[in-house]
Amino acid sequence: MAATPSLPRTSSEVSPLEPSPVVRTNTYAIPIRTTMLGLLGVALVALGGMGAGAILERDPLLAQVGLSWLRYGHGRDLASMVLYLGLGLVIWAWIRLGRLVRWGEIGDFAVLVAVTVWTLPLLFAPPLFSKDIYSYLAQGQLALSGYDPYEVGPAVLQSTLSENVSWVWQHTPAPYGPLFILVAKAIVWITGASVILGVVAMRFSLAGGLVLLCWALPGLSRHLGGRSAIALWLVAANPLLLIHLVGGAHNDLLMIGLMAAGVLLVLDRRHVLGFVLLGLAFSVKATAVVILPFLIWIWAARLDGDRRAQFRKALLPGAAAFLGAFVACTLVAGVSLGWIPALRSSSMIINWLSIPSAVGDFVRMVVNWFVYVDGGIFIGVARALGSVLLIWIAWTQWWAARDGDVRDSIRRGALTMLAVALLSPATLPWYFSWPLALAAGFMWTTGALVTVSLASVFLLLVTFPNGDTALYSWGYLFFALVVSVLAARSLVKPDPFGLSTRYE
């Protein structure tokens with residue numbers, strides 16, 4: 001590991017309102033011990049995932065090597081211990097890396113090396129913290145078998161792929177765009193509908209989003225005034241992203257990679273190509289459309305004429321590029337627009353990460369102390385009010401960005417994306433990667449970095465490795481909160497318990 005610099009003051013003396021300090025950067029320095037610590041962590045996560053992850057109903061690979069015992073009883077307990085030990089090491093390594101980045105001891109190169117090294121074992125791991133990848137593969141098999149994945153659910157297949165899909169989604173049409181259906185269809189065809197090969201191939205496909213993200217973040221930092229190493233550490237090396245989006249294999253990774261790259265191209269004045277990439281991002285997952293109106297203002301501000309003429313000149317080619325990419329994906333995939341109404345299927349999820357769902361569920365609980373009332377009424381009303389609030393936030397933020405200032409527009413777009421994550425009928429932990437990918441390029445204060453670190457670790461831990469939610473296991477949540485606070489405090493105070501005589 002690179003030597004720790006002589007600091008002008010200890011990190012505990014830094015005001016939470018000040019930007020993260022910069023001492024000096026050794027461009028090609030690599031913190032070997034920290035990188036290897038993270039590698040050991042992800043390796044243990046992958047190993048423990050063989051028994052404690054979102055494993056197959058019938059795993060031929062474990063059976064062939066005599067490790068089926070890992071899936072049951074004490075074997076599963078042992079696998080869980082190994083996995084959580086690995087998670088602890090990954091969090092520790094990420095926080096150590098963050099300290100080195102904050103103080104300018106390492107730069108982009110070291111973070112990119114860490115991201116690469118920490119990603120590789122996850123590409124071959126069993127699905128972690130989610131069974132969604134089985135749904136992806138089953139939807140690809142539906143399309144390959146001649147079914148419309150926007151009309152029927154995986155249950156019609158009665159195949160090895162469909163039997164591993166969570167019961168919640170067995171009869172649910174796909175809520176994903178045509179480009180992603182095309183990717184899933186190609187993977188099922190290439191792998192011969194093999195579950196294990198399909199999981200690995202899907203991960204490699206989605207990892208393209210991580211590559212795009214790592215390419216885009218330094219450029220976004222250049223435009224938004226932040227430090228590229230901080231942006232890379234905050235997003236690409238974040239355990240929330242690596243464990244959930246790579247290990248859990250969520251298509252959000254491909255979406256945010258295309259979205260970040262598209263935003264960068266627009267900021268670099270390559271407007272049409274940027275909007276094409278945003279059309280591709282939307283063709284993976286609909287959330288990418290949120291940033292589009294804010295980019296129209298940025299493009300318009302660079303054109304001649306009065307404001308109305310500027311807006312019209314930007315809107316027409318921007319919409320044409322965006323819709324052109326989307327229509328092309330739809331035609332090549334040979335599917336309909338049925339995925340858009342299928343977006344409502346996420347409302348089946350009820351947890352308190354979604355503010356409207358939390359409020360509705362809480363009111364239901366209080367009312368039912370006195371008289372029984374169907375809880376769906378309260379949740380439905382709360383979600384309707386949340387949708388109204390979301391529309392108001394999106395409109396006011398978009399209109400406030402009409403001057404087209406780059407930093408103000410992207411900041412307001414990121415805030416709107418955060419509102420989408422918080423106010424949607426259903427919210428899952430990795431949804432917070434959406435606004436983080438947009439906002440990472442700004443200059444972050446120490447207090448903001450501590451807050452995001454705490455939230456990232458907590459969101460990482462609120463799902464059990466098999467994909468079940470931990471949001472109603474209060475003892476476990478207290479443990480997760482303690483770990484999160486400790487990790488966040490360690491970002492600015494390397495020895496939070498005062499056990500060491502050294503600074504680092």
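Overall size of the stretch 348-413 from C-alpha positions, given as principal axis extents largest first: 53, 19, 17 Å. Where a Cα-Cα gap under 24 Å defines reach, which lysines qualify for K285, not counting those fewer than 8 residues away within the same chain? Within reach: K131, K185. With the helix formula -39500 (n - 2.57) applied to DSSP H stretches of n ≥ 4, the chain reaches a computed 222 nm mean residue ellipticity of -20000 deg cm²/dmol. Summarised as an ellipsoid, the stretch 228-373 has semi-axes of 35, 21, 19 Å, derived from the eigenvalues of the Cα gyration tensor scaled by 5 and square-rooted, with the largest first.
In the stretch 95-253, one over the average inverse separation of all distinct C-alpha pairs is 16.7 Å, which is the Kirkwood hydrodynamic radius.
For the stretch 94-170, the residue among P121, P149, S159 whose Cα projects farthest onto the positive side of the dipole built from Cβ charges is P121.
Assuming charge only on the beta carbon of Lys and Arg (+1) and of Asp and Glu (-1), the dipole of the chain about its Cα centre is about 940 debye to the nearest 20. Residues in the stretch 75-179 average 33 Å² of solvent-accessible surface per residue, probe 1.4 Å, ligands and nucleic acids excluded.
Above 32 Å lies some portion of the pair distances; for the chain, what is it as a whole percent of all C-alpha pairs? So the portion of pairs separated by more than 32 Å is 43 percent. For the stretch 182-232, the solvent-accessible area with a 1.4 angstrom probe is 36 square angstrom per residue. Shown here for the stretch 66-124: chymotrypsin sites (Phe, Trp or Tyr not before Pro) in loop regions (DSSP other than H, G, I, E, B) with at most 16 other Cβ atoms within 10 Å, namely Y72, F124. In the stretch 160-271, carbon and sulfur make up what percent of the accessible area (probe 1.4 Å)? Roughly 66 percent, rounded to a whole number.
Backbone N atoms of the stretch 256-287 closer than 19 Å to the 7 Å Cα→Cβ label point of S346 belong to residues 256-260, 278-287. Kirkwood hydrodynamic radius computed over the stretch 355-504 comes to 18.1 Å, based on all pairs of distinct alpha carbons. Relative protection proxy for 234-245, 322-333, from highest mean packing down: 234-245, 322-333 (other beta-carbon atoms within 10 angstrom). Three principal axis extents of the stretch 176-258 based on alpha-carbon atoms, in descending order, are 47, 24, 17 Å. Surface composition of the stretch 64-132: carbon plus sulfur atoms hold 72% of the accessible area, using a 1.4 angstrom probe and ignoring ligands, DNA and RNA.
Computed about the Cα centre, the dipole magnitude for the stretch 346-475 is approximately 160 debye when only Lys and Arg (+1) and Asp and Glu (-1) carry charge, each at its Cβ. Note down the Stokes-Einstein diffusion coefficient of the stretch 424-469 in µm²/s, whole number, using a Kirkwood radius over alpha carbon pairs, 4 °C, and 1.567 mPa s. In µm²/s, the coefficient rounds to 108. How many percent of all Cα-Cα pairs in the stretch 68-166 sit more than 19 Å apart? That tail contains 63 percent of the Cα-Cα pairs. Size of the stretch 77-126 from its Cα atoms: along the principal axes, largest to smallest, the extents are 41, 20, 7 Å. For the stretch 331-392, the carbon plus sulfur part of the accessible surface works out to 78%, probe radius 1.4 Å.
The fraction of Cα-Cα pairs per 5 angstrom bin, counted from 0 for the stretch 156-208, comes to 4, 18, 24, 30, 20, 3, 0 percent, rounded to whole percents.
Over the residues of the stretch 292-369, compute the C-alpha Rg and express it relative to 2.2 N^0.38 Å. Before the final figure, lay out the partial values.
On the way: Rg = 20.8 Å, N = 78, 2.2 N^0.38 = 11.5 Å.
The reported ratio for this selection is 1.81.
Averaged per residue, the stretch 363-450 has 47 square angstrom of accessible surface, using a 1.4 angstrom probe with ligands and nucleic acids left out.
The values are calculated or read from the model by the stated rules, or taken from the named source; none is laboratory data. Computed from a prediction, not measured in an experiment: that's the story for all the values here. Virtual Cβ from ideal backbone geometry, glycine too; neighbours counted across all protein chains shown. Remember, those area values only see protein heavy atoms, side chains included, never the ligands or the DNA or RNA. Shrake-Rupley method; radii C 1.70, N 1.55, O 1.52, S 1.80 Å.
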